[in-house]
Amino acid sequence: MPNFYSDYWWIFLLRGIFALVLGVLAIVWPGATFTTLVVFFGAYLFIAGTFAVIGAVAARRTSENWGVFLLSGIVGIILGVLTIINPFATGTALIYLVAFWAVVAGLFEIIIAIRLRKVITGEGWYIAGGLLTIFFGILLLSNPVAAAVTLTWIFGFYAIITGIMLISLSVRLHKR
């Protein structure tokens, strides 16, 4: 019986290589601007979406989950095109989204720490982490240029780790 993941291991390899290259460029290319990174991100969404659609169509007879891959691929392609068309709007939205997430996540960390006071010791560290997360969100909102640079570095490290994991997965799937 054919297995989608083992048969199409190369899709994971290509996605991993692309993510790895994108991550390295985001970290070591000193002239790269946040807008360039957003365009790269749009290209990544488009290319990863395209590979997901190709894999889904190829696996439609062998995998019952092919529809999920197809939907994921189509959404990736649409978001990639929208990002490439208007990178400024996407970049601005990304900064505000991450900033809002940080403030909300920090508040939840503090609330959880207070609720766990009777269950654990050292909850002060969790409260400090929550305050630090809120501070990070406020910094992102107060200085969008620094936010863009910070998010570029975070994205670069994320892409490198994701790329390594996808490449490793593809090697293990190819050996099966």
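The values are calculated or read from the model by the stated rules, or taken from the named source; none is laboratory data. Because the structure is predicted, anything quoted here is derived from the model rather than measured. Neighbour counts are summed over all protein chains in view; Cβ atoms, including those assigned to glycine, are modelled from backbone coordinates with ideal geometry. Keep in mind that these areas ignore ligands, DNA and RNA; they rest on the heavy atoms of the full protein, side chains included. Shrake-Rupley method; radii C 1.70, N 1.55, O 1.52, S 1.80 Å.
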Review point. By how many degrees, between 0 and 90 and to the nearest 10, does the Cα long axis of helix 34-58 differ from the longest principal axis of the chain?
Key: 40 degrees
**Study point:** Among 6, 89, 99 the positive-end extreme of the charge dipole of the chain (Cβ point charges)
**Key:** 6
Practice item. In whole Å, largest first, what are the principal axis extents of the Cα atoms in the range 90-153? Key: 43, 17, 15
**Study point:** Net charge dipole size for the chain [Lys, Arg +1 and Asp, Glu -1 on Cβ; Debye, nearest 20]
**Key:** 400 debye
Review point. Ignoring ligands, DNA and RNA, what accessible area per residue does the chain give at 1.4 Å, in Å²?
Key: 62 Å²
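Please compute the net charge surrounding residue 6, taking Lys and Arg as +1 and Asp and Glu as -1 over other residues with Cβ under 10 Å from its Cβ.
Details: positive: 172, 175, 176; negative: 7.
Surrounding charge for residue 6 is +2.
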Point to revise | the chain, relative contact order [Cα under 8 Å, separation at least 6], % | key: 38 percent
Review point. Along the charge dipole of the chain, Cβ charges K/R +1 and D/E -1, which of 147, 127, 29 sits furthest on the positive end?
Key: 127
Exercise for review: Using a 1.4 angstrom probe on the protein heavy atoms only, line up 139, 97 by accessible area, largest first.
Suggested key: 97, 139
Check your understanding: Net charge near residue 170, counting Lys/Arg +1 and Asp/Glu -1 over other residues with Cβ under 15 Å of its Cβ?
Key -> +3
Point to revise | Label assignment, mean projected area of the Cα convex hull in nm² derived from the structure, set [x] 13.7; [y] 9.9; [z] 13.0 | key: [z]
